[in-house]
1. What is the residue count in the stretch B:190-234 for residues that are charged (D, E, K, R) and within 23 Å of residue B:405 (Cα to Cα)?
2. Within the stretch B:223-257, track down each residue that is within 7 Å of another protein chain (Cβ to nearest Cβ), small (Gly, Ala, Ser), in a helix (DSSP H, G or I) and within 25 Å of residue A:381 (Cβ to Cβ).
3. Quick check: anything in the stretch A:162-181 of a type in the set (A, V, I, L, M, F, W, C), outside the structural domain of residue A:46 (by TED's automatic domain parsing) and more than 23 Å from residue A:55 (Cβ to Cβ)?
4. Would you pick out the residues in the stretch B:280-307 that are in contact with a helix residue (DSSP H, G or I) (Cβ under 6 Å, 6 or more places away or on another chain) and not in a helix (DSSP H, G or I)?
5. Could you tell me how many of the residues in the stretch B:173-203 are under 16 Å from residue B:144 (Cβ atoms), over 17 Å from the mean Cα position of the chain (by Cα) and in a helix (DSSP H, G or I)?
6. Looking at the stretch A:271-314, which of the residues that are farther than 21 Å from residue A:378 by Cα and in contact with a Ser or Thr (Cβ under 6 Å, 6 or more places away or on another chain) is nearest to the other protein chains (Cβ to nearest Cβ)?
7. So which residues in the stretch B:247-268 are of a type outside the set (Gly, Ala, Ser), farther than 16 Å from residue B:291 by Cα and touching a Ser or Thr at 6+ places or on another chain (Cβ under 6 Å), if there are any at all?
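The values are calculated or read from the model by the stated rules, or taken from the named source; none is laboratory data. Keep in mind that this is a model prediction, so the values were computed, not measured. In this analysis, Cβ positions are derived from the backbone assuming ideal geometry, glycine residues included, and neighbour counts consider all displayed protein chains.
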Amino acid sequence: MFYWSLIIIVLGIYSAYIFGKSRIKSNAKQLDIKTVSLPTYYAQYMMVWCLLPALIVYFGWIIFENQIIQNLVLANFDFELNPTLNPGLLIAEIKNVASNISFAEGKSIEIFNAAEHYSSLKFTSTVAFYLSILIFMILGVMIASRKLQPTFRAQKSIENYIKYFLFFCSTVAVLTTVGIVFSLLFESLRFFSEVSIFEFLFGTKWYPYIPIREGQSGSQGSFGAIPIFAGTFLIMIVAMSVATPIGLFTAIYLSEYASPKIRSIVKPLLEILAGVPTIVYGFFAFVTVAPFVKTFGQSLGIDASPTSALAAGLVMGIMIIPFISSLSDDVINSVPQSLREGSLGVGANKAETIKKVILPAALPGIVGAFLLGASRAIGETMIVVVAAGTAPNLTANPFENVTTVTVQIVIALIGDQEFDDPRTLSAFALGLVLFVITLILNIFALRIVKKYRERYE
Amino acid sequence: MSNQYSHEKIIQLRKKRSAADRRFKTYGLIATLMGMAILFFLLFTIFSKGYSSFQKSVIELEVSYDQETLKITSDSTYEEQVKAKFFRVKKNAIANALPNLNKKDVKLINKMFSINVDKEIKEYFLNNPNILNTTQKIFVTAHSDVDQLLKGNARRNIEEKKRKLNDRQLEFFDEFVSSGRLKTKFNNFFFKNADSRHPELAGIAGSFVGSLFTLMTVFLLAFPIAIGASIYLEEFAPKNKFTELIEVNIANLAAVPSIVFGLLGLGILLNVFGFPRSTPLVGGTVLALMTLPTIIIACRASLKAVPPSIKEGALAMGASKMQAVFHHQVPLALPGTLTGTIIGLAQALGETAPLIMIGMIAFIPNIPTGFTEPSAALPVQIYLWVESSERGFQEKTAAAIMMILIFLFTMNALAVFLRSKFERKW
């Protein structure tokens with residue numbers, strides 16, 4: 001359907017263009033006056049009026065077609081008489097029979113009839129789709145062609161359409177945010193209608209698969225997310241205590257000590273480190289760092305888990321080093337030169353200048369970089385999915401196995417998803433928490449950095 | 001004055017201070033070197049684990065293409081040849097792979113060959129049909145366990161129970177090696193095949209093509225929208241609350257964790273709009289929304305870099321604002337915007353979590369041919385292989401990582417090339 005409609009639409013707007021151009025030229029000739037805009041603007045005007053109705057029909061069909069056909073087919077089934085029937089499974093079965101994926105033998109006669117009904121509806125719908133796309137395109141062109149007069153300001157009108165399009169493009173980012181908030185909130189509300197929000201935020205037991213309280217059905221467990229938050233926090237702390245000193249000292253060295261030549265070598269290498277996909281770090285953690293941490297723990301007499309918080313945190317710290325170093329580098333570079341010169345002028349050496357003058361001056365920016373790094377560590381998924389554990393332990397021992405918000409989201413959504421099960425929906429509640437926390441950290445960090453910049457500009 | 005410093009004291013103090021200075025510099029140097037060392041260690045780990053995956057183990061078999069066994073004759077048609085009983089030929093060949101094998105041995109030795117051997121025997125025949133009724137020596141793919149042992153990735157001096165190959169199979173292995181019938185050659189399957197349950201047959205072609213389709217979707221969606229948005233924000237946006245909202249939004253969207261975009265894809269694109277699951281179309285859409293802020297920021301910077309005099313010149317000649325922007329400013333900013341887009345695409349290429357959320361994690365054993373077909377993607381393939389318990393997949397993982405890094409490197413090199421070739425200093 002996609003490719004055929006693409007061909008139809010492209011041919012349609014091309015002929016609208018040709019039609020518009022020849023029409024305006026002949027109109028102008030008849031009246032023997034010059035057109036206000038160049039003829040191609042009239043032709044473009046026709047194109048827009050041909051394209052818009054076609055797009056409306058196309059997207060309308062995509063969004064509503066399935067829903068309407070399914071409702072029509074399912075209208076023949078009485079769900080109140082048969083409470084065991086599941087509409088979702090039923091429609092899947094009907095579709096399979098209709099497209100000959102599963103054999104019709106052994107299926108009840110109702111399903112067979114419904115499948116035939118479905119195929120015929122689908123066929124009608126497809127024919128109607130192509131017809132209505134054609135009709136709407138022609139209608140659009142017909143309505144627009146009444147405006148093809150030499151006195152019509154086609155250029156102005158086209159430019160307005162383009163402006164609307166540009167505006168639409170810039171609202172996509174806003175729409176994305178709205179979509180994120182909407183989807184997270186909507187599914188989270190469904191989750192909180194089954195699990196109390198206080199249990200979720202303050203409960204200390206996360207066992208989605210084990211019924212704990214009395215009166216629970218067998219499938220329902222307990223959803224206390226404190227161990228997950230604690231695990232996320234622990235791994236974040238480990239990561240930041242690796243990334244902050246190394247990243248900060250790298251930034252200081254690069255901006256204050258290194259020669260331009262060293263800078264020109266080290267900076268691209270750090271960029272490579274920043275560009276490595278996180279799943280690669282996950283692999284690195286899994287095959288190299290985790291076994292190392294285990295042996296290291298054993299040499300200390302600690303029984304380290306093969307998926308310890310320490311291994312995941314260390315590697316996550318490595319991932320964040322280039323992030324911290326490049327942000328701090330920017331911040332340190334934007335400390336005014338006069339401060340450095342003043343400090344050196346009264347006899348302080350370089351280290352003293354950095355420690356006593358530059359770092360205090362750059363502190364807000366560095367805090368901002370730290371917060372942005374922390375928000376990255378909290379939201380990072382692949383390293384912890386591969387290298388951290390899945391057991392919700394409430395512990396502060398980095399050699400133990402902990403789990404994080406992102407790991408639990410992935411666990412909840414891998415495999416069968418049933419959107420009326422709190423186990424699936426818990427992913428959205430966790431996602432909401434993750435989104436809110438990282439958003440707050442970001443807004444806070446961006447504000448600090450911005451204030452800091454303004455101070456020295 | 002009471003606390004006068006003596007000359008020596010001052011010298012001592014200065015020595016101490018310069019020692020502290022040197023120490024501080026050394027800390028910085030150590031931190032920088034540590035970063036570099038980690039990078040090289042990371043690359044070294046991946047290379048040392050992955051390079052062996054470009055070779056596969058093959059075992060020489062004596063295959064007799066006997067017309068009785070195959071149940072075809074010399075004048076059979078191609079269709080009949082395709083349907084010939086190659087599995088019987090294979091069975092005979094494996095039973096006679098080594099001299100004096102009893103029934104139990106044959107069972108054991110059969111496990112040392114890949115399940116793909118029938119096909120390889122068949123393919124060899126179909127390429128040279130005139131070998132009917134002759135005996136041919138062909139190299140066929142060995143099982144992953146044999147492969148790992150030959151490459152030294154699996155150890156043989158451990159308990160029999162912990163090994164994949166038992167003692168008898170090791171004897172066969174040694175016999176094959178000593179007679180030169182077991183060797184390694186270029187692993188064409190790794191580049192030709194999609195995913196497989198069998199490590200020796202698994203390849204990256206499927207996920208590579210899936211990633212290409214996904215990136216194409218990202219490009220087709222994100223590039224025009226990002227350019228449109230940047231033009232609007234740089235040239236046409238009025239200074240009001242809504243514009244400010246857009247700006248703040250873009251800045252914050254860039255830092256939203258990628259997994260949240262996956263939840264958006266699942267909650268809105270799949271569940272509300274009914275996009276097809278596990279396809280490059282929906283994966284690309286999610287990644288496009290995710291990389292949009294990055295690309296917009298790059299596009300705006302390159303639009304800003306075009307000197308205003310060019311636009312003003314056009315306006316002075318009577319062009320409308322739209323003409324000045326689209327005919328003069330945008331073409332000059334295009335190389336910069338392309339560079340930014342490629343960097344955004346490189347970011348999208350390595351992203352795994354959102355793709356897992358929208359179901360691109362399904363096991364797809366064939367190479368996708370369109371945007372709306374279920375497919376894998378390179379980073380997800382890596383994840384699937386990391387999680388796999390089979391030893392043979394570990395080197396595949398590292399090799400797939402090498403491929404994705406090469407892909408990323410090429411894209412970044414392209415970006416740098418574009419920048420240096422088309423960048424103009426005004």
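1. Taking the stretch B:190-234 as the starting set, the residues that turn out to be charged (D, E, K, R) are B:192, B:195, B:197, B:200, B:234.
Right, trim to within 23 Å of residue B:405 (Cα to Cα) and you get B:192, B:195, B:200.
Looking only at that region, the number is 3.
2. B:251
3. First, pick out the residues of the stretch A:162-181 that are of a type in the set (A, V, I, L, M, F, W, C): A:162, A:165-169, A:172-175, A:178, A:180-181.
In the following step, the residues that additionally are outside the structural domain of residue A:46 (by TED's automatic domain parsing) were identified as A:162, A:165-169, A:172-175, A:178, A:180-181.
Remaining after also requiring more than 23 Å from residue A:55 (Cβ to Cβ): A:180-181.
Among the residues of the stretch A:162-181, at least one is of a type in the set (A, V, I, L, M, F, W, C), outside the structural domain of residue A:46 (by TED's automatic domain parsing) and more than 23 Å from residue A:55 (Cβ to Cβ), which makes the answer yes.
4. Listed by number, the list holds a single entry, B:306.
5. Qualifying residue count for the region: 2.
6. Out of the qualifying residues, it is A:288.
7. Result: B:268, single match.
Each row is one residue, and each column tells you yes or no for (1) modelled with pLDDT of 90 or more; (2) assigned to a loop (DSSP other than H, G, I, E, B); (3) more than 11 Å from every other protein chain (Cβ to nearest Cβ).
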residue	(1), (2), (3)
B:347	yes, no, no
B:354	yes, no, no
B:360	no, yes, yes
B:366	no, yes, yes
B:383	yes, no, no
B:403	yes, no, yes
B:416	no, no, no
B:419	no, no, yes
B:426	no, yes, yes
